[in-house]
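J.: Pasting in a structure now, in C-alpha cells, and then I'll have a few things to ask.
The values are calculated or read from the model by the stated rules, or taken from the named source; none is laboratory data. Remember, it's a predicted structure, so these values are computed and weren't measured experimentally. Heads up: the accessible areas ignore ligands, DNA and RNA and are worked out on the full protein's heavy atoms, side chains in. Shrake-Rupley method; radii C 1.70, N 1.55, O 1.52, S 1.80 Å.
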Amino acid sequence: MGYNQTPPREASRNTVEKMYSSREDIQEDDSNDNKKTLKPNSNIDGGWAWMIVLSSFLVHILIMGSQMALGILNMEWLEEFSQSRGLTAWVSSLSMGITLIVGPFIGLFINTCGCRKTAIIGGIVNATGWILSAYASNVHYLFITFGVTAGLGSGMVYLPAVVMVGQYFQKKRALAQGLSTTGTGFGTFLMTVLLKYLCMEFGWRNAMFIQGAISLNLCVCGALMRPLSYQDEANEKVTERNSSEDNYVKALSPSAETLKSNGVLNEELEKKEGLTNDEVFDTVQTIESKGKIRHTKNIYALCILKTMSRLTLIIRKGFVTWYSSYFGAASLFTNRMFVAFVFWALFAYSSFVIPFIHLPEIVKQYNLSMQNDIFPLTSIVAIVHIFGKVTLGFISDLPCISVWNVFMTANFSLVACILILPLMHTYAGLAVVCALIGFSSGYFSLMPVVTEDLVGTKHLANAYGIIICANGISALLGPPFAGWIYDITQKYDFSFYICGMLYLVGIIFLLIQPCIQKKEPREKHTENAQV
C-alpha cells in the first residue's frame, strides 16, 4: 500500500531543520534589531535609576566601609596569632587590593552574565570568605579565606555597582556617582562601631561569622541591579520567539490525524481486523500515547540542545567582547588618553590610603593622642570625604562646568595636601589638612564619569575594571612601601614626599597627553599637504 505522505522520520528531520533554520533567522533579526535606533528607557535619570543608586550606596557601605574598619580586626589578629605587624597587615592589604585588582576579570563576568548575576554570585563568595575566616588557625589561613576569597567576592559586587549607576544616568551621572559612593564614609563609621561592639560582646571569630551573614545582603543589592531594557523592541522579540517556539512544539507533537496520515494507524488496524469499536479505540489511544512519549523525549532533547547552544553563544560573545577590549584591534590601550589615565591611577589611590593607615602613628610621634582620642583625624577625613563627593558631583553636573576641570583641580589640591601634611606639627594644622584631603579625595566619585567620557558607555565595565585594578595595585603596595621607608628613615615625612611626587608625575602626564593628541593631527595634515 503506497502513501503520498512524508514518512515519520523524514517529517521529524524536516521539522528539526526548520527549527534550527528559524532560530538562525531569529538571531539574524536580533543582530539587525540591535543596529536600529532604540527608544531610551524611561528609567534613565529617574524611576528605577534611584534604586540603582540605593543599591550601589549599600554596596559601598558593606564592602568599602567594612574594609576601612579592618583596623579593629587587625588588632584582634595581632593578639591572637602573635605575628609581626607587617605580616598581619597583609591580610587587610590583600583584601583591599584584590577587590580592585580583579576588576579586568570581573569585566568578563559582566559581559557574559550581566551585572545582576555577577553581583549576586559575588555576595555569596564574599560572605563565604567572612564565615570561613572565623575558623582561622593562623595568619596564612586568613590570606586565603579573607584576603583572596572575601576580596574576590567584594570585587564581583563593587564593579557592577559602579557600572550600573553609569548605565542608568546620563544627565546626572556625577551627582549619582557621588551619592552612591558616599556609602564608603557612612560605612566607615557604621562598620567600625559594629565590629568593635561585636568583638567586645562575642569575640572576633563570632564577629566575623555575624559579619558574613550581614554580607549576604549584597545578594539583595545585586538583585536590585535590573538591566536596562528597551520595551518596544524587547516585547516584539519575546512575542516572536514565543510564537516560533509554539510552532515548533505543535509541529513536533503527534496527534491521531498525523499518525493516521503517516500510515501508522492504518497499518496497526489492518493487523487487527475483526476488533470491536471499543478495542479499536483502545488501540488508537495506546498508539497515540506511545507516539507522544517518543516525541516528548525528542522535545526535551531539543530544548536541552537549544539551551546549551544559547549558553555557548552568550559565553563566546562575552569573551570576544572582553578579549577585543584588551587585546584586539579595538583595544582600550590604543586610546592614549586612557593609557595616561591608567598610569595616573597607579599612584592616585595610595595618596588616600596612606594617611588613613599611618595617621595614628604620626599622632603618637607628635604627642597629640589626647586631642586625637576626642576627635580622630581619620574621622575628619571620612566625614569631609562624604561632603566632598556630593559637592564635587553636584558642581560637575552644572552645564557651564567641565567634569575634567573639576577632576584635575581636586587632584592638584590633594597632592598639595599630601606634600604639606608632614610640615604640620599641631592638631589644628593636621585637622585642617586632613579636612582638605577628605574634600579633595571626593574626586573618586568622578572617576567613573571621566572613564565613561574617555571610552564610552559600551566599554565602561572593561575600562573601569582596568582603572580600579591600577588603584588596587596602588593600595596593595603603597602602605607597605611607606612602612619600608619609615623603617629606613624612622620618619613618615619621606613617605608622604615620595608618594606625593609620584602622584604629581601622574597628574602631569594627564596634562601633557591632550597636548600631544592635539599636535598629531596637525603634523599629519602638514605631511599630507607636502605630498
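J.: Listed here are the pairs Lys364/Lys491; Lys364/Lys389; Lys171/Lys389; Lys172/Lys389; Lys172/Lys458; Lys171/Lys458; which of them are more than 21 Å apart at the Cα?
T.: Where the Cα-Cα span goes over 21 Å, the pairs concerned are Lys364/Lys389.
J.: For segment 61-108, what number results from the quotient of the Cα radius of gyration and 2.2 N^0.38 Å?
T.: 1.33
J.: In segment 421-513, if every C-alpha pair distance is counted and binned at 5 Å from zero, what percent goes to each bin?
T.: With a bin width of 5 Å, the distribution comes to 3, 11, 13, 20, 21, 14, 9, 5, 3, 1.
J.: To continue, here is another question. Rolling a 1.4 Å sphere over the protein heavy atoms, what is the accessible area per residue of segment 65-143, to the nearest Å²?
T.: About 41 Å² of surface per residue is accessible.
J.: Now for a separate question. How many percent of the alpha carbon pairs in segment 116-210 exceed a separation of 15 Å?
T.: Values: 3078 of 4465 pairs.
Taking all Cα-Cα pairs of segment 116-210, the fraction more than 15 Å apart is 69 percent.
J.: Follow-up. Using a 1.4 angstrom probe on the protein heavy atoms only, line up Arg85, Arg336, Arg310 by accessible area, largest first.
T.: Reading off the accessible areas and sorting them downward yields Arg85, Arg336, Arg310.
J.: At q = 0.10, 0.12, 0.16, 0.17 Å⁻¹, what base-10 log of I(q)/I(0) does the Debye formula yield for segment 34-191 when every alpha carbon is treated as an equal point scatterer in vacuo?
T.: Each listed q corresponds, in turn, to -0.41, -0.56, -0.89, -0.97.
J.: If amide hydrogens are placed 1.01 Å from N in the peptide plane, which non-local residues have theirs closer than 5 Å to the one on Asn335?
T.: none
J.: I would also like to ask the following. In the calculated pair distance distribution of segment 364-423, what percentage of Cα-Cα distances lie above 20 Å?
T.: 44
J.: Can you report the principal axis dimensions of segment 346-461 using only the alpha carbons, biggest first, rounded to whole angstrom?
T.: Dimensions of segment 346-461 along the principal axes of its Cα atoms: 51, 27, 21 Å.
J.: Could you go through segment 299-307 in sequence order and give the Karplus-derived ³J(HN,Hα) for each residue, using 6.51 cos²θ - 1.76 cosθ + 1.60 with θ = phi - 60°, rounded to whole Hz, and x for Gly and Pro?
T.: Couplings: 5, 4, 4, 5, 5, 5, 4, 5, 5 Hz.
J.: Along segment 127-134, what does the Karplus equation 6.51 cos²θ - 1.76 cosθ + 1.60 (θ = phi - 60°) give for ³J(HN,Hα), rounded to whole Hz, x for Gly and Pro?
T.: With coefficients 6.51, -1.76 and 1.60, one gets 4, 4, x, 4, 5, 5, 5, 5 Hz.
J.: Let me ask something else. What list of ³J(HN,Hα) couplings, whole Hz, do you get for segment 362-379 from phi and the Karplus terms 6.51, -1.76, 1.60, once you set θ to phi - 60° and write x for glycine and proline?
T.: Here the 3J(HN,Hα) series is 5, 4, 5, 5, 8, 6, 10, 5, 5, 5, 5, 5, 5, 9, x, 5, 5, 5 Hz.
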